[in-house]
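Below is one structure, written out as structure tokens; the observations come after it.
Bear in mind these aren't lab numbers, they're just calculated from the coordinates by the rules spelled out. Here the structure is a predicted model, which is why all the values come from computation and not from measurement. When we count neighbours, we look across all protein chains shown, and the Cβ atoms used for this are built from the backbone with ideal geometry, even at glycine.
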Amino acid sequence: MTRLVVNGCSYMLSYACGNGHIELAKQLNINNATLLALAGSCNSRIIRTTLKDSYQSKEKTLYIVGLTFLSRAELPIAETEHFFEGKWMSIQNEFNPDCRYNNRWTKNDFDRFIELKLKSELYSIDDYLEQLMYQLLSMIDSLIYRGHQVIVFRNPSDVYDNFLDNTRFEKLIKCVNIINGLNWAAIPWQATQGIKFDPEDHNLAPEIQHPLPGEHGPLNKFLVEYIKQNALHLPVL
């Protein structure tokens, strides 16, 4: 691998703001470290842009993919088209007046979308999790087939914590590229390591707070050990 790419939401963005990805690349003897993470990202966006980058890259790349909350979604409703993101915008469960939506997308449209989205999720967490599982497995297969490598983990605790032991999701635990079948979550684990978190997140539950930039030492150590133990930093033959 000659290139390392980090993707995710604000958790991975905070990680990279402290040069966590650059230091991780150095520890793996990789010269080039790139950031794709974007605050507010949903998992669909993370998977889509990881694949898009991998098809555009001429270098064999190790992707570090930090997943976010299952309930986030995305819609192509941006006012202007981004050269890489297109018109896609990740959607959380509340209207953001600072976002520049296209002029046909009103607050009423947004509120109605969220209402229907939440209603659809009420009794279907397992179905959404299964969808994510197959999206991840397909992404991993595609990356490896084309000579890249990838490691996937989730950052925050989430609503599906109690679903992962179901045999329906055993393919997650069988995939070495997914740390502990998504049972391992980086944010609560880092809390056990005594890292410092953003004081602005003091009103949030500890398992979803953002680590301060520069507090990536324990996470990088964990990732390096996992990557080397499973040879995920080596070229795919």
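General observations
- Among LEU51, LEU118, LEU143, sorting on how many other beta-carbon atoms sit within 10 Å of each Cβ, with the fewest leading, yields LEU118, LEU51, LEU143.
- Scattering from segment 194-237 was approximated by placing one identical point on each alpha carbon and applying the Debye formula without solvent; log10 I(q)/I(0) at 0.14, 0.16, 0.18, 0.26 1/Å stands at -0.48, -0.57, -0.64, -0.88.
- Once the Cα-Cα distance is subtracted from the 0.36 nm per residue extended length, the ASN180 to TYR145 segment shows a gain of 10.4 nm.
- With R₀ fixed at 45 Å, the C-beta to C-beta distance from THR167 to THR106 puts the FRET efficiency at about 0.55.
- Across LYS26/LYS87; LYS87/LYS221; LYS60/LYS174; LYS117/LYS196, pairs whose alpha-carbon gap is larger than 32 Å: LYS26/LYS87; LYS87/LYS221; LYS117/LYS196
- Inter-centroid distance (Cα atoms) of segment 4-82 relative to segment 201-217, Å: 19
- Cα-only Debye scattering, segment 1-118: base-10 log of I(q)/I(0) at q = 0.10, 0.13 Å⁻¹: -0.35, -0.56
- Rounded tilt (10° steps) of 217-229 against the dominant C-alpha axis of the chain: 60
- With neighbour counts taken as other beta-carbon atoms within 10 Å, the residues THR192, THR61, THR2 rank, fewest first, as THR192, THR2, THR61.
- Principal semi-axes of the equivalent ellipsoid, √(5λ) from the alpha carbon gyration tensor of segment 116-226, are 25, 21, 12 Å from largest down.
- With R₀ set to 41 Å, the beta-carbon distance separating LYS52 from ALA205 gives a calculated FRET efficiency near 0.80.
- Among the trypsin sites (Lys or Arg not before Pro) within segment 139-170, those in coil by DSSP and having at most 14 neighbouring Cβ atoms inside 10 Å are ARG146.
- Only Cα pairs under 8 Å and 6+ residues apart enter the sum, and on that basis the relative contact order of the chain stands at 23 percent.
- A Förster radius of 35 Å combined with the Cβ-Cβ distance from SER124 to GLU23 puts the calculated FRET efficiency at roughly 0.30.
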